Amino acid sequence: MTTALLFATGAILIIAVLALVYRIITLVGIAKGDEKKVSSSNKINAAIFPILLVVGFGLIYWSYNDASQYFLPEAASIHGKETDSLFNITLGIVFAAFALTHILLFTFPFFFQHSEKRKAHYYPHNDMLEIAWTAVPAIVMAVLVIFGWRAWSDITAPATDEAIQVELMGKQFAWEIRYPGKDLKLGKYDVANIDNTNSMGVDFDDVNATDDFMAREIVLPVGKEVELKIRAIDVIHSVFLPHFRVKMDAVPGMPTRFKFTPTITTEEMRKKTNNAKFNYELACTEVCGYGHFGMRKIVKIVTQKEYDAWLQKQKPWLEKNPDYMAEWEAKKSKDSVAQAN
């Protein structure tokens, strides 16, 4: 295989060198006046341009169709459909500009190939043309940016009171997940509280934290707004839920947030994709270290009934760690005495 590749490479280089030598000889002949300025190579080169144009667009079409099997399925969130719409509009505008410029670029050499019967017109400058090709792209870009800003402002706006709060904390190399308990409010946290047991640094002096529970996977009800409260403990991570078109960095010392509303359950998406093993997932899209590949969590979108049944099975973190509260109170008491002295 290696020998064949070397031979093929050598053959290509030899052909390229011969073509270059032929071109140099032709130009020298023209300079001496021995040959006509317009040779057969002029027509050949001119004809090659539209051929390359057709072949190029054919390859683009083939590449797009071949890669389509790896495209994400339809967006599984309300804002995701708007995000996809903005993406498709932008892609359409960019491709239209690309197609137009390349059609002109590859057809002009054919229609305006050199001819001794025609003299080129000297046209150095046109103010209106300069203004047009500067203003039109600027206006189009401004409109796209405005629509993108409106979509971003909507998904980062404060969530409603009925929204489900879920806290995600990234660390090397895992995601910690915390849900509020029956009070539907997440308790406060303090990084100073993080230890081998209390990995998320929950502040149990806050009454809202006493019924919070940790989960191994993310389970959410369909059709209900979700507010993700995002943070990191060591380096920058990134919350990426591709099927919901959610992406937000998790930055140490700078909590971030994102809201979205799932619209398709896991079971429904399995039927839509004809894939019984399909799962939504959470991944980290920052290269956060050697264990980055392991930062993956399954996300389950279920019906409200299934979600309520799942909630009933969850126990508050303190109930699973009964000795921790005693240690917490003892530590607080010791700190209070130390401050008093």
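Restricted to region 187-280, the set of strands (runs of 3 or more DSSP E) holding at least 2 residues that are in contact with a Leu (Cβ under 9 Å, 6 or more places away or on another chain) comprises 218-221, 226-232, 237-241, 246-250, 256-260.
Just checking, which of Gly80, Gly33 is among the small types (Gly, Ala, Ser), surrounded by 11 or more Cβ atoms within 10 Å (Cβ to Cβ) and modelled with pLDDT under 95?
Details: Gly33 fails: surrounded by 11 or more Cβ atoms within 10 Å (Cβ to Cβ).
Among Gly80, Gly33, only Gly80 is among the small types (Gly, Ala, Ser), surrounded by 11 or more Cβ atoms within 10 Å (Cβ to Cβ) and modelled with pLDDT under 95.
The C-beta contact set for region 181-205 (first residue of a type in the set (Lys, Arg), second residue open to solvent by less than 70 Å² (accessible area, probe 1.4 Å), distance under 7 angstrom, 6+ apart or interchain) comprises Lys182/Asp211; Lys185/Asn208; Lys188/Asp203; Lys188/Asp206; Lys188/Ala209. Determine whether region 181-191 contains at least one residue that is surrounded by fewer than 16 Cβ atoms within 10 Å (Cβ to Cβ) and under 29 Å from Thr90 (Cβ atoms). No; the residues of region 181-191 include none that is surrounded by fewer than 16 Cβ atoms within 10 Å (Cβ to Cβ) and under 29 Å from Thr90 (Cβ atoms).
Restricting region 281-328 to residues that are of a type in the set (D, E, K, R) and either under 31 Å from the mean Cα position of the chain (by Cα) or in a strand (DSSP E or B) (or both), the residue that is farthest from Thr261 (Cα to Cα) is Glu286.
Looking across region 104-116, the residues that are of a type outside the set (Phe, Trp, Tyr) and either surrounded by 10 or more Cβ atoms within 10 Å (Cβ to Cβ) or modelled with pLDDT of 80 or more (or both) come down to Leu104, Leu105, Thr107, Pro109, Gln113, His114, Ser115.
Scanning region 265-280 for residues that are under 20 Å from the mean Cα position of the chain (by Cα) and touching a residue at least 24 places away in the same chain (Cβ under 8 Å) turns up just one, Tyr280.
The values are calculated or read from the model by the stated rules, or taken from the named source; none is laboratory data. Remember, it's a predicted structure, so these values are computed and weren't measured experimentally. Cβ atoms come from the backbone with ideal geometry, glycine included; neighbour counts cover every protein chain shown. For accessibility, only protein heavy atoms count, side chains too; no ligands or nucleic acids. Shrake-Rupley method; radii C 1.70, N 1.55, O 1.52, S 1.80 Å.
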